[in-house]
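Since the structure comes first, as structure tokens, the remarks are kept for the end.
The values are calculated or read from the model by the stated rules, or taken from the named source; none is laboratory data. In this text the structure is predicted, and so the values were computed from the model without any measurement. Using ideal geometry, Cβ is built from the backbone for each residue, glycine included, and neighbour counts are taken over all protein chains shown.
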Amino acid sequence: MNMDDGGPPKVFIAYAQDSQAHKDDVRGLADLLRSYGVDAEIDQYAEEVRQDWNAWANKHFKESDFILIVASPKMRVFGDGNAPANQNRGVQAEMTVIRDFLQRDRTAWTKKILPVVLPGGTLDGLPDFLGPYSLSHYRVQDLTSEGAEGLLRVITGQPRVVRPPLGPLPQLPPLPQERRTGTTDAQAKWIIGEPGRAIDSHSDRPAINKGASHLTPTAPEESPPDRKWTWTRRKKGEIGIAAAIGAALTTLVLMFSLSGQDTADNGSSGKSSATTAASNQESSEIPSAISTDLPPLITAMERYELNSSSSALASDSNKDKVDLDTGCPGPGTVGAPVDRSHCDKLAADLILNNGSLYTPDRVATIALLAGDTDASQSICNMQLADKSLLRQSIDRDHVIATAEFCIKTDKGNVAAVHVRDVWEWRITIDFEVWRP
């Protein structure tokens, strides 16, 4: 092996000659790898002299650090041995040898054999014996270093994420045993919690709830005049348009109820001036956040499904685009992943193709959030204001369940998107849209 001897990594590329265009793409991949220091070999480089092709292939199988098998319709048929023996004898012989290698030492050869899907290809072009849907495979988005980054990292032994060393175990003290039993009339306040912290007025410990923020009242556990309010964040997926409207209506009803009660009490002939002053002082404690800080939510949807425009699933009933301002789906357009498609004359804001997410016309309006940061209205406002953080797309390596990102819609609104589930050709998302 070249890499074991300190030399450049050596790679052999096996493929079926489906068409001249496919052969050109394979040669383009080999040329790209060689330009980045990888000793890639294909049959097209060895056609200048007469060859014993079986002996030539076997020699490269054993000398190479990795064997790349390129997906195509014929590769699937010939690789699984489902074609007549007199057709494409070369690739059939190569796949027979590789199946034998896997049978001898599956662990070692699974690491060496790298299934590759070129631009325009699909996983269905890989033979079943390679486990295309259960084992790792490598997509080349385009024939550039960025498009082939995942493959280059594996071949050159440069992982994207390096496992950090273990640190010492933390010393964690037990929780205190004392808990507050409640609040007295004198202690009753309007309690506004920090975003992400639901404050329990009968407990010292805040509860962590991730999701969109809403101001909601808790049911009073004591007789009036106690009023207890908390600022809670609902879990992802629990928010919906009906919930948002319900929260706003509940707040308005409570405000009018409080206002009406104070008016009636002040107009009562038996009320003393001291009691009226105390009532007015209590009413003045209601913070302005109740009426002014509610997020101006426009749209909220959960479990919205996007199907890749490069797959057969992208059709009139399975959309690959969405207008986030309205939740209106865009029509599936195979072969044109970033064109500005319309749904009832509304422009799409987000497009799924080949497992990656794009903006229409590749306009930089997406901000991908790092780590476990939640996409919320305040976070998205800050992220989208920094143009250095904006990008045109999110590649499939970052389109994972729990991914969070922000988008500025074509209407200039702010959208928070949460990736819920990811499959080979589709994803489901939750999203909320606010006015800026």
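Among the strands (runs of 3 or more DSSP E) confined to region 338-414, the ones with at least 2 residues that are at pLDDT 90 or above are located at 366-368, 404-408.
A search for C-beta distances below 6 Å between a residue of region 129-156 that is assigned to a helix (DSSP H, G or I) and any residue that is of a type in the set (A, V, I, L, M, F, W, C), counting only pairs 6+ apart in sequence or on different chains, returns Ile155/Val38; Ile155/Phe66.
Annotation note: Cβ proximity below 9 Å between a residue of region 157-174 that is part of a loop (DSSP other than H, G, I, E, B) and a residue that is of a type in the set (Lys, Arg) and surrounded by 10 or more Cβ atoms within 10 Å (Cβ to Cβ) (sequence gap 6+ or interchain) occurs for Pro159/Arg153; Arg160/Arg153. Here is the figure for region 381-436: residues that are of a type in the set (Lys, Arg) and free of Cβ contacts under 8 Å to residues at least 60 places away in the same chain total 3. Exactly one residue among Val419, Val363 is more than 17 Å from Arg435 (Cα to Cα), crowded, with 19+ Cβ neighbours inside 10 Å and not hydroxyl-bearing (Ser, Thr, Tyr), and that residue is Val419. Of all the numbered requirements in (1) in contact with a Gly (Cβ under 8 Å, 6 or more places away or on another chain); (2) over 17 Å from Val26 (Cβ atoms); (3) aromatic (Phe, Trp, Tyr), Phe101 misses one, and that requirement is (1).
Residues that are within 26 Å of Arg34 (Cβ to Cβ), surrounded by fewer than 17 Cβ atoms within 10 Å (Cβ to Cβ), in contact (Cβ under 8 Å) with a residue 12 or more places away in the chain and hydroxyl-bearing (Ser, Thr, Tyr) are absent from region 57-76 altogether.
Among the numbered conditions (1) under 16 Å from Val70 (Cβ atoms); (2) exposed (fewer than 13 other Cβ atoms within 10 Å of the Cβ), the only one that Gln92 does not meet is (2). When restricted to residues that are of a type in the set (Asp, Glu) and farther than 24 Å from Pro8 by Cβ, region 134-174 contains 0. Do we find that Leu114 is among the aliphatic types (A, V, I, L, M) and either loosely packed, with under 13 Cβ neighbours inside 10 Å or part of a helix (DSSP H, G or I) (or both) in this structure? Against the criterion (among the aliphatic types (A, V, I, L, M) and either loosely packed, with under 13 Cβ neighbours inside 10 Å or part of a helix (DSSP H, G or I) (or both)), Leu114 does not qualify.
Taken over region 13-55, the criterion of being more than 16 Å from Leu118 (Cα to Cα) and of a type in the set (Phe, Trp, Tyr) is satisfied by Tyr36, Tyr45, Trp53. Among all residues of region 373-390, there is at least one that is within 18 Å of the chain's Cα centre (by Cα) and surrounded by fewer than 13 Cβ atoms within 10 Å (Cβ to Cβ).
For region 23-42, a residue qualifies if it is more than 13 Å from Val140 (Cβ to Cβ), in contact (Cβ under 8 Å) with a residue 60 or more places away in the chain and crowded, with 17+ Cβ neighbours inside 10 Å, and exactly one does: Val38.
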